[in-house]
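Where a number appears in this text, it was derived from the coordinates with a stated rule and is not lab data. Computed from a predicted structure; not experimentally measured. Cβ atoms come from the backbone with ideal geometry, glycine included; neighbour counts cover every protein chain shown.
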Amino acid sequence: MPDRSESDSRKLLRRLRDVLGTQSKGQDRLDRITHLIADSMRTEVCSIYLFRDAETLELCATEGLRPEAVHKTRMKLGEGLVGRVARTNSAVNTANAPAEKGFRYMPETGEEIYSSFLGVPIQRVGEKLGVLVVQSKTERSYSDDEVYALEVVAMVLAEMTELGAFTSDDEGMRALHRQPAMFRGSTGQEGSAEGHVWLHEPRVVVTNPVADDPLLEIDRIRDAVGQLRVSINDLLEAQSLDKDQVQVLEAYRMFANSRGWLRRMEEDIMRGLSAEAAVEKEQSAARARMEKVEDPYLRERLSDLDDLSNRLLRLLTGQGQDTGAEMPDNPVLVARNIGPAELLEFGRKLKGVVLEEGSVGSHAAIVARALAIPLVIHAGRITSEALNGDHILVDGDQGIVHLRPEETVARAFRDKIAMQAEAQKRYAGLRDLPAQTKCGKTISLHMNAGLMADLPSLEGSGAEGVGLFRTELQFLVRNKMPRRAELAQLYARVMDASKGRRVAFRTLDIGSDKVLPYMKPNDEPNPAMGWRAIRVGLDKPGVLRMQVQALIRAANGRPLTIMFPFITEMTEFQMARSHVLREVHREKSMGHPVPASIEIGAMMETPSLAYAPDAFFELADFISIGGNDLKQFFFAADRENERVRRRYDTLNFSFLGFLEQIVTRCSAKGTPISFCGEDAGRPVEALAFAAIGLRSLSMRPASVGPVKALLRRVDLDEARAVIDDARQRGEQSARPALMNWLSNLPE
Ligand code: PEP
Ligand code: MG
């Protein structure tokens, strides 16, 4: 690289920094900067376009184009050459701009006389902020060196934008991270929350994009990279890493030792950037590449590089989780993703959780659900927008997040929360009353649980017991297999807290979406239909037996209820049951107390079990319909796939009729039957289930009140008649008829 251009570049950056240091308005600064850049690059035009909103760029300052066009000329992302730079996140360099495909002539700017065009994105770690353009009359391509120099300048502009250097209210320049923003994601867990942002990984703020002494900066970056290498080596030497962790760390080590990475950053420093800004420039380039790469392996590697850059930035700036930033009041955790153990650690301190990634079935979602914390997933790029302490509203029902909301939005939101709280108060009044219908039938309502922390809800919700205790959470949140004694202790505490009320412990339901961190994942083409739940339990009975022993010891002579997940045919149930009986026998022979009574049931989660031989219905002490799984297999619609998971109605007559057949088979044999999928907690669904003969439902604690309130208002025979009529009329679903009937029902 020629020395002269290096020192030119450094001179320009220093002049830019001086502009930042002056006490002037945002617009003045922008104007001076365009002048400085045009002068230094010896071009007639220099313009800065900044994003007005996520889709629109606005000409915010120019040297050389007509001043009247400033704040008037706008273009959409992808529109014209400027829009192309922003969309593709890469430079456009052309000697003859008007001849370029996609060129759009903006008459108000007077730019038609300029032939050559060089535009580079102004971006900061993946966040698009704008476009920097230089233009000249002479028809010439800019050299690689010039492109590079402009990219370095754009990096400094990005940091300056981030620091709010161009903000001022009079010109309508938007302050970054101050405007209201809305994110439309998906529901991970219903519920609403208002609070303040608590970033899982706070943004690193670079206050010194330009440095005076490149040699000093090079020392700093070499030193930080050295520390990074040592820390990765230390991690690699740690015990108990699994194959995947080793693979990720190996990739980290490869990048950290890559000469190219360090060399590029050193070159940026020689151009005048500080060590931090040089890391960010590399990180931005990696993010831009990540957006374009389809290959999942390469994406993973680029995301490793991204992580590594973050670590390096934290080393350089000393910023990070442990910088003493305090958790705000009513914290709402905002993160790209989070592991279940960490989320559990924050626990109910959090008012809500917003993730950029995640899925309905992810472990974090399972924990959020267990903790009843509103969760929105796939919330765009919220981690780049949000700052610690920002006001935030989480609407888990709609999957919407409002960041720094307008007061009117906040007010409407609070009204909604108040209405919900009001309703909860009304439900609390019903707590000690039975879910008895107008026609005198009583439906027993139970709750689903999975954590010790759920148990207090048993008192508050008015549930009769725990219809489903998902035991896998204790396995998911650890990094090694829990020991029998630990489990026994936990189960005993659950039973103590339930004060003699029935708790149906479901044995480990892993596989499918629930992969234990310490169990080798199976590369299955379709894990939901793969080696999961009782299939794993029967093939590897050691864990099943250990869990059963823990349950028997926890019961310590008290009654015990166990059920097996995902039973698909009778023999599976017989085998699983005999494991339990064998363990009871073994415990007895060892002189340990055995349960006073033991109920062994099966979860019906595959259609096949509905057609099992009569002997199955006779043998099972009870059956619990796992509607979430049963429905996904009945409709062949993946419960985790946003596109299809809500596509088919539970009250579709084909499914409702199928459920009724199950109820009929159970009543013929006197087998108690209940329903414990999410649908049981939806009042209209619960009503339909009761109308077709289900007398026991298990749901989230918060649903017990609304379901009970509705059941107490209805006559099940009438509801049944409404359903039958609709079926006879040939309707597809019972829902419209039921809704119509309910709307005319007295309060
Ligand atoms: C179900 O499938 O309905 C169920 C209750 O189990 P899980 O949601 O844990 O799979
Ligand atoms: Mg299930």
Evaluate Rg over Rh across the chain, taking Cα atoms for both radii and Kirkwood's formula for Rh. 1.06
What is the range 3-162 by shape, rounded, prolate or oblate, if you read a ≥ b ≥ c off the alpha carbon gyration tensor as root eigenvalues and call it rounded for a/c under 1.5, prolate for a/b larger than b/c, and oblate otherwise? rounded
Show which lysines lie in cross-link reach of Lys281 when reach means a straight Cα distance below 26 angstrom and same-chain residues fewer than eight apart are skipped. Lys11, Lys76, Lys128, Lys292
Suppose every Lys and Arg Cβ carries +1 and every Asp and Glu Cβ carries -1, with no other charges. What dipole size does the chain come out with about its Cα centre, to the nearest 20 debye? 2280
With label points built 7 Å along Cα→Cβ from the Cα atoms of Asp144 and Leu433, find their separation and express it in nm. 8.0
What residues qualify as long-range amide H neighbours of Gly530, i.e. H under 5 Å apart, gap of 5 or more or another chain, H built at 1.01 Å from N? Ser512
Taking a virtual spin label 7 Å from the Cα of Asp621 along the C-beta vector, which residues in the range 537-573 bring their backbone nitrogen under 12 Å of it? 552, 558-564
If you put +1 on each Lys and Arg Cβ and -1 on each Asp and Glu Cβ, how big is the dipole of the range 673-747 around its Cα centre, in Debye rounded to 20? 200
Figure the gain on full extension for Gln728 and Asp415 (residue separation times 0.36 nm, minus the Cα-Cα span) and round it to one decimal in nm. 108.5 nm
Among Ser9, Ala61, Tyr49, whose Cα sits farthest toward the positive end of the charge dipole of the chain (+1 at Cβ of Lys/Arg, -1 at Cβ of Asp/Glu, about the Cα centre)? Tyr49
Mind checking which of Ala256, Ala91, His402 is farthest towards the positive end of the chain's charge dipole, using Cβ charges of +1 (Lys, Arg) and -1 (Asp, Glu) about the Cα centre? His402
Rough spin-label spacing in nm, given labels placed 7 Å along Cα→Cβ, for Thr571 and Ala453: 4.3
Would you kindly state how much longer the chain becomes between Asp715 and Arg259 on full extension, computed as 0.36 nm times their sequence separation minus their alpha carbon distance, in nm to one decimal? 156.6 nm
What do you get for the angle between helix 3-21 and the principal long axis of the chain? Use alpha-carbon atoms, 0 to 90 degrees, nearest ten. 70
Which distance in Å, rounded to a whole number, links the C-alpha centroids of the range 338-400 and the range 88-120? 43
Electrostatic dipole magnitude of the range 3-162 [Cβ: Lys, Arg +1; Asp, Glu -1; Cα centre; debye, to 20]: 200
In degrees, nearest 10, the alpha-carbon axis of helix 259-270 is tilted away from the dominant principal axis of the alpha carbons of the chain by 50
Other-chain or far-sequence residues with amide H under 5 Å of Ser192's (modelled H): Gly396
Could you tell me which of Ala555, Pro482, Pro595 has its Cα farthest along the dipole of the chain towards the positive end, charges placed at Cβ (Lys, Arg +1; Asp, Glu -1), taken about the Cα centre? Pro595
From the phi of every residue in the range 556-570, what ³J(HN,Hα) in whole Hz does the Karplus formula 6.51 cos²θ - 1.76 cosθ + 1.60 yield, where θ is phi - 60° and glycine or proline is x? 6, x, 7, x, 9, 10, 10, 9, 9, x, 6, 6, 10, 8, 4
Could you calculate the contour length gain from Ala423 to Asp213, that is, 0.36 nm times the residue separation minus the distance between their Cα atoms, to one decimal place in nm? 69.2 nm
Please report the spacing between the Cα centers of the range 539-587 and the range 1-67 in Å, no decimals. 72
For the Glu406, Glu201 Cβ pair and Förster radius 25 Å, calculated FRET efficiency rounded to 0.05 is 0.35
Kindly list the residues of the range 482-497 that lie in the label zone of Met590, defined by a backbone N under 11 Å from the point 7 Å along the Cα-to-C-beta vector. 484-485
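What GluC sites (Glu not before Pro) does the range 339-393 have in DSSP loop regions with at most 15 other beta carbons within 10 Å?
On the way: sites: Glu342, Glu345, Glu356, Glu357, Glu385; in loops: Glu356, Glu357.
Passing sites in the range 339-393 are Glu357.
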Other-chain or far-sequence residues with amide H under 5 Å of Arg52's (modelled H): Leu57, Glu58
Can you tell me how the range 446-560 classifies by the Cα gyration tensor, rounded, prolate or oblate, using a/c under 1.5 as the rounded cut? prolate
Distance between modelled label sites at Asn522 and His35, nm, 7 Å Cα→Cβ extension: 7.2
